[in-house]
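The values are calculated or read from the model by the stated rules, or taken from the named source; none is laboratory data. What you see is a predicted model, and the numbers here were worked out from it, not measured in a lab. Please note: Cβ atoms are built from the backbone with ideal geometry, for glycine as well, and neighbour counts cover all protein chains shown.
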Amino acid sequence: MRASINRPPTPDADEEPEREPALVEVINVKMVESGEKEKLKELLRERLIECGWRDEMKALCRAYARKKGRNNVTIDELVQVITPKGRASIPDSVKTELLQRIQSFLTSIVL
Amino acid sequence: MSDGKDGSSSSHSQLSIRCFHELLDSIIADVASECHRVARLGLDRGLDEEEEELRLSEEARASAADPSSSGEVGCKYVVDIFGQTHPAVADEIFECMNCGRPIMAGRFAPHLEKCMGKGRKARQRTTRSSAITRSRNSRGSPVSVYAPYSNSTNSARVPNGTTGGAGEEFSDCAFEAP
């Protein structure tokens with residue numbers, strides 16, 4: 001029967017939201033295949049290093065590790081420590097630049 | 001988002017934002033991984049931290065030396081990757097094949113230097129050919145053929161320790177020098 005408890009709702013019920021994740025997958029695949037994803041990642045990394053974001057994050061990690069004892073930290077903990085501050089402290093210029101590039105890539109593959 | 005064309009720009013921007021966040025997360029993971037490594041390996045932690053770690057490692061070594069009974073004394077022996085400790089000087093004893101004396105392995109090399117060079121002198125006796133080669137290689141400089149000559153007096157330029165025997169070889173070298 002269709003109503004297995006573990007199955008998500010069938011696609012007939014929600015069509016639009018179902019399509020979007022699939023689209024994201026397609027985009028992702030296209031980005032990886034064309035090498036654009038790597039370029040974007042390198043660009044983002046470079047910008048974040050330039051603006052000192054990376055050093056800020058490393059300082060946060062160091063402080064956290066010092067507080068917790070350096071042998072008691074896990075990578076997951078560090079990720080959780082950095083992520084909220086990291087997402088918030090991205091300079092707008094960097095964000096804009098990356099978003100523009102992503103969007104131009106999207107239009108180039110959609111059209 | 002249910003519209004096709006109208007929602008395309010917003011869904012485009014949504015997609016872009018999602019992609020951007022994904023890139024950002026991956027970079028965050030890289031930074032976290034590197035900081036984790038730095039923290040675990042104890043690199044780059046400032047001097048006061050290092051002093052504390054030095055103290056801790058001293059204590060660790062002391063406490064590791066106590067329960068481990070590999071027959072070693074004190075905590076000055078380091079532990080290798082198999083957990084074994086080795087004395088500073090290799091202590092296996094065997095017979096020297098030259099003189100037949102029982103020698104400690106760690107002292108074998110210096111023993112051989114003396115043992116094989118012995119006849120009379122503490123150092124190796126040079127043969128004529130090696131001395132000639134040596135003088136040929138270093139023109140103009142005095143032929144110092146292993147001037148050990150512990151009991152000999154060195155003349156000005158040519159240390160030909162003729163005292164003590166094997167004199168013929170050295171006197172031959174003496175000809176080479178000037």
(request) Could you please tell me which pairs satisfy a Cβ distance under 7 Å, a separation of 6+ or placement on different chains, a first residue in segment A:57-86 that is more than 8 Å from chain B (Cβ to nearest Cβ) and closer than 22 Å to B:LEU24 by Cα, and a second residue that is among the hydrophobic types (A, V, I, L, M, F, W, C) and not in a helix (DSSP H, G or I)? (result) A:TYR64/A:VAL73
(request) Please verify whether segment A:23-32 includes one or more residues that are within 22 Å of A:LYS95 (Cβ to Cβ), more than 10 Å from chain B (Cβ to nearest Cβ) and loosely packed, with under 12 Cβ neighbours inside 10 Å. (result) yes
(request) Quickly run through segment A:52-79 and pick out the residues that are surrounded by fewer than 13 Cβ atoms within 10 Å (Cβ to Cβ) and within 16 Å of the chain's Cα centre (by Cα). (result) A:ASP76
(message) Here is a check on your reading of the model: is A:GLU16 more than 9 Å from chain B (Cβ to nearest Cβ) and either closer than 30 Å to A:SER104 by Cβ or at pLDDT 85 or above (or both)?
(response) no
(request) Tell me, yes or no, whether segment A:36-49 has at least one residue that is touching a residue at least 60 places away in the same chain (Cβ under 8 Å), on the phi < 0 side of the Ramachandran plot and assigned to a helix (DSSP H, G or I). (result) yes
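With respect to A:SER104, is the statement that it is over 15 Å from the mean Cα position of the chain (by Cα) and of a type in the set (Ser, Thr, Tyr) true?
So A:SER104 fits the description; yes.
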(request) Test A:LEU106 against the criterion of being facing chain B (nearest Cβ under 8 Å) and modelled with pLDDT of 90 or more, and give yes or no. (result) no
